[in-house]
Amino acid sequence: MTRCAQVLPHRQSFRGRLARDLRKNRIVYFMWLPVLIYYVIFHYLPMFGVVIAFQNYKPFKGILGSDFVGLKWFTEFLTGPYALRVIRNTLIISVYSIVLGFPAPILLALMINEVRCPAYKKTIQTVSYMPHFISLIVVCGLLHDFSSSQGLFNVIGEAFGLPRINYLASTSTYRSIYVLSGIWKQMGWGSIIYLATLSAVDPSLYEAAAIDGAGRLRRIVHVTLPALIPVITVQLIMRLGQVMSEGSEKTILLYNESTWEVSDIVSSFVYRRGLLENNHSYGAAVGLFNSLVNVVILTVANYTSRRVANESLW
Amino acid sequence: MIEKRTWSSLLFDGLNALVLLALTLLFLYPMWYVLMGSFSDPFSLFVSNELLLLPKGFSLKGYEQVFQNPNILTGYKNTLFYVTVGTCANVLATSLGAYVLSRNGLLLKKCFTIMVVFTMYFSGGLIPTFLVVKNIGLFDSRLALILPTLVGTWNMIVMRTSFRALPASMEESARIDGANDLVILFRIVLPCAKATVAVIVLYYAVGYWNSWFNAMIYLQDKSKYPLQLFLREILLANTANGATSSGFEESDMLYLEDVVRYATVIVSTVPILCVYPFCQKYFMKGVMMGSVKE
């Protein structure tokens, strides 16, 4: 401490140090400029733009000139007939996706990890990544095609004695098609992070377990799974944090008026009200409400996980 | 490890291989069905009602229609523009940002990092973003598909992690030789982090190839539409969501519809399915780097 004080006779103020740093690293700061401008315009300006949620925003008056209406849009949404429906649908679809979709890539990774033949292993991996690269438009277009009463799903369903129905137009099957197709698309891609973690597991752990007489299944339970627990925890917190942020894109492509009762979620509702019907303030209010709920959920999930499992995002 | 060939172990391997085979078929079959459908005779396909293993009859009618459709050509051209220009711009901006975040001893680095990571957890939402893009004059401009998604935060963090893993000695010797930070980034850091750059290029390129939502909300002029928006019109034309004209002659469409749709899917999807297997070995590395915490 004393020696430091001798080298630097007087501690510089923060402003002084900043000025020196800006001069010394001016090229580095210059390189940051495009990134800074990008984040300010496309991330931070919209964050300030949410004030329109508290205004009666009129495009010709602009953000500064529009009238302030307080929480009008929030109360209108929360007391209106649609809040319950879209929040319920978002939660059901999300929870359904998490319950079935979260374990799927883990199971796939465990199975791939047990394959001995490298060529077979690689082929399975390549094939399982494929759906991730097929565009959502194509996937949804094919889902419409396959779900129609003459489509592939009905051909298969009929072989099992199911009646012919349009799976996407029927309120009882819409969510299953939505969730299962999502798992089909992302299962292989999602397994990468688990496979990457497993490739770093020390093989001597398996040998030791085998010498102790553990069979294949017991080695999976006692060696492979424990190695995955930290990654699984972090992935689960992130997934739970997104429970209310189901994106609008797939819903917009799959739903139609006949299934709104089960298919309309918060983000598709925001899109319809805010952009299609040009009710910008209302849409922004619903979006902001949803963002805040998300932040709260993520914080709670992160806190719980830090207390329970000692793993957290921050 | 040399596994003892016990019966239970062999049984385990057999079952495992079988389940995985079933899954593989499940992943592949929809695309196989579409591929076979696209080469089928339109009328036999229209009246048939069964699983396809091979084309039903053979005809290239679907592909003929697809390549005569002017929209597909326009869409392809536009998409190629968005993919090339967009990917270059994104990779450039992302590597600049990643380089800055990988520097040591930068006074404002922590502040920059927080500023960037915060956007992963909170955003203004669809409507305010839309209004910003509109108000800065990007509405109905090709740039509206590139600038609002210029930097993927997660990609930038992946890149920063890989830059940080490079040995500091190379950079120091370059600095002694008088290289500044820009030279170091483009001549030393980027060439050394080739694997990561490849993954990021792939992520951005695939993202541009498949994106449609921004194009749908920001573009009005059809001559700027990317392929995916025309695909939407073709694939979802007879659902409540599709727009009206798909660019095909309506009178032919009745029984040609299926083949044309399948051929369109194949034409628009094959390029990307041919590329990704070559980058596959980098995927794991990329994912691991993104998961390293600050």
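Kindly indicate which of A:Val295, A:Val231, A:Val243, A:Val286 is at pLDDT 90 or above and of a type outside the set (Phe, Trp, Tyr).
Sole residue among the options that is at pLDDT 90 or above and of a type outside the set (Phe, Trp, Tyr): A:Val286.
Listed residues A:Glu257, A:Glu249, A:Glu261; which is open to solvent by 60 Å² or more (accessible area, probe 1.4 Å) and touching a Phe, Trp or Tyr at 6+ places or on another chain (Cβ under 7 Å)?
From the options A:Glu257, A:Glu249, A:Glu261, the qualifying one is A:Glu249.
Given (1) open to solvent by 40 Å² or more (accessible area, probe 1.4 Å); (2) more than 10 Å from every other protein chain (Cβ to nearest Cβ), where does A:Val201 come up short, assuming only one miss?
So A:Val201 meets the others, but not (1).
Conditions tested, residue by residue: (1) part of a helix (DSSP H, G or I); (2) open to solvent by 20 Å² or more (accessible area, probe 1.4 Å); (3) among the polar types (S, T, N, Q).
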{"position": "B:Thr119", "(1), (2), (3)": "yes, no, yes"}
{"position": "B:Ser123", "(1), (2), (3)": "no, yes, yes"}
{"position": "B:Leu131", "(1), (2), (3)": "yes, no, no"}
{"position": "B:Leu138", "(1), (2), (3)": "no, no, no"}
{"position": "B:Trp154", "(1), (2), (3)": "yes, yes, no"}
{"position": "B:Met170", "(1), (2), (3)": "yes, yes, no"}
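May I ask you to list the residues in the range A:62-76 that are of a type outside the set (Gly, Ala, Ser) and either modelled with pLDDT of 95 or more or not in a helix (DSSP H, G or I) (or both)?
A:Asp67, A:Phe68, A:Val69, A:Leu71
Taking A:Val293 as the residue in question, decide whether it is at the interface with chain B (Cβ under 8 Å from one of its Cβ atoms), part of a helix (DSSP H, G or I) and on the phi < 0 side of the Ramachandran plot.
No: the conditions fail for A:Val293.
If the Cβ limit is 7 Å and pairs must be 6+ apart or interchain, which residue in the range B:260-281 that is facing chain A (nearest Cβ under 7 Å) pairs with which residue that is surrounded by fewer than 17 Cβ atoms within 10 Å (Cβ to Cβ)?
B:Pro277/A:Thr126; B:Gln280/A:Thr126
Just to be sure, is B:Pro191 within 13 Å of chain A (Cβ to nearest Cβ) and in a helix (DSSP H, G or I)?
no
Among the residues of the range A:260-275, how many are of a type outside the set (Lys, Arg) and more than 10 Å from chain B (Cβ to nearest Cβ)?
So the answer is 9.
So, B:Met31, is that one in contact (Cβ under 8 Å) with a residue 24 or more places away in the chain and in the same structural domain as B:Ile266 (by TED's automatic domain parsing) or not?
Details: in contact (Cβ under 8 Å) with a residue 24 or more places away in the chain: yes; in the same structural domain as B:Ile266 (by TED's automatic domain parsing): yes.
Answer is yes for this residue.
Taking the condition open to solvent by less than 20 Å² (accessible area, probe 1.4 Å), of a type outside the set (D, E, K, R) and within 9 Å of chain B (Cβ to nearest Cβ), does A:Ser94 pass?
no
Could you tell me whether the range A:206-215 includes any residue that is within 8 Å of chain B (Cβ to nearest Cβ), in contact (Cβ under 8 Å) with a residue 40 or more places away in the chain and either buried (at least 17 other Cβ atoms within 10 Å of the Cβ) or in contact with a Phe, Trp or Tyr (Cβ under 6 Å, 6 or more places away or on another chain) (or both)?
So far as the range A:206-215 goes, no, none of its residues is within 8 Å of chain B (Cβ to nearest Cβ), in contact (Cβ under 8 Å) with a residue 40 or more places away in the chain and either buried (at least 17 other Cβ atoms within 10 Å of the Cβ) or in contact with a Phe, Trp or Tyr (Cβ under 6 Å, 6 or more places away or on another chain) (or both).
Mind listing whichever residues of the range A:98-132 are surrounded by 18 or more Cβ atoms within 10 Å (Cβ to Cβ) and β-branched (Val, Ile, Thr)?
A:Ile106, A:Ile112, A:Val115, A:Ile124, A:Val127
Provide a single number: the residues in the range B:216-233 that are buried (at least 21 other Cβ atoms within 10 Å of the Cβ), in a helix (DSSP H, G or I) and more than 11 Å from chain A (Cβ to nearest Cβ).
0
Are there any helices (runs of 4 or more DSSP H) wholly within the range A:77-182 with 3 or more residues that are in contact (Cβ under 8 Å) with a residue 60 or more places away in the chain, and if so which?
Passing ranges, in order: A:82-101, A:103-114, A:118-133, A:136-147.
Only one residue in A:Leu142, A:Leu152, A:Leu136, A:Leu162 is surrounded by fewer than 20 Cβ atoms within 10 Å (Cβ to Cβ) and either under 24 Å from A:Leu254 (Cβ atoms) or within 29 Å of the chain's Cα centre (by Cα) (or both). Which one? Don't jump to the end; show me each part of the working.
Working: A:Leu142 fails: surrounded by fewer than 20 Cβ atoms within 10 Å (Cβ to Cβ); A:Leu152 fails: surrounded by fewer than 20 Cβ atoms within 10 Å (Cβ to Cβ); A:Leu136 fails: surrounded by fewer than 20 Cβ atoms within 10 Å (Cβ to Cβ).
Going through A:Leu142, A:Leu152, A:Leu136, A:Leu162 in turn, just one is surrounded by fewer than 20 Cβ atoms within 10 Å (Cβ to Cβ) and either under 24 Å from A:Leu254 (Cβ atoms) or within 29 Å of the chain's Cα centre (by Cα) (or both): A:Leu162.
Do you know which residues across the range A:248-259 are within 7 Å of chain B (Cβ to nearest Cβ) and touching a residue at least 40 places away in the same chain (Cβ under 8 Å)?
Scanning the range A:248-259 gives A:Glu249, A:Leu253, A:Asn256.
Within the range A:51-76, which residues are of a type in the set (D, E, K, R), loosely packed, with under 13 Cβ neighbours inside 10 Å and in contact (Cβ under 8 Å) with a residue 12 or more places away in the chain?
Once the filter is applied, which keeps residues that are of a type in the set (D, E, K, R), loosely packed, with under 13 Cβ neighbours inside 10 Å and in contact (Cβ under 8 Å) with a residue 12 or more places away in the chain, the range A:51-76 yields only A:Asp67.
Can you tell me which residues in the range B:97-114 are open to solvent by less than 20 Å² (accessible area, probe 1.4 Å), facing another protein chain (nearest Cβ under 7 Å) and farther than 14 Å from B:Thr196 by Cα?
B:Gly97, B:Val100, B:Leu106, B:Phe112
Wholly within the range B:1-73, which helices (runs of 4 or more DSSP H) include no fewer than the required count, namely at least 3 residues that are of a type in the set (Gly, Ala, Ser) and within 14 Å of chain A (Cβ to nearest Cβ)?
Because the criterion is at least 3 residues that are of a type in the set (Gly, Ala, Ser) and within 14 Å of chain A (Cβ to nearest Cβ), the helices (runs of 4 or more DSSP H) in the range B:1-73 that meet it are B:7-38.
The values are calculated or read from the model by the stated rules, or taken from the named source; none is laboratory data. What you are looking at is a predicted structure, and each value in this text was computed from that prediction instead of being measured. Because the Cβ atoms are built from the backbone with ideal geometry, glycine has one as well, and the counts that use them run over all protein chains shown. We work out accessible area using only protein heavy atoms, side chains counted, and drop any ligands, DNA or RNA first. Shrake-Rupley method; radii C 1.70, N 1.55, O 1.52, S 1.80 Å.
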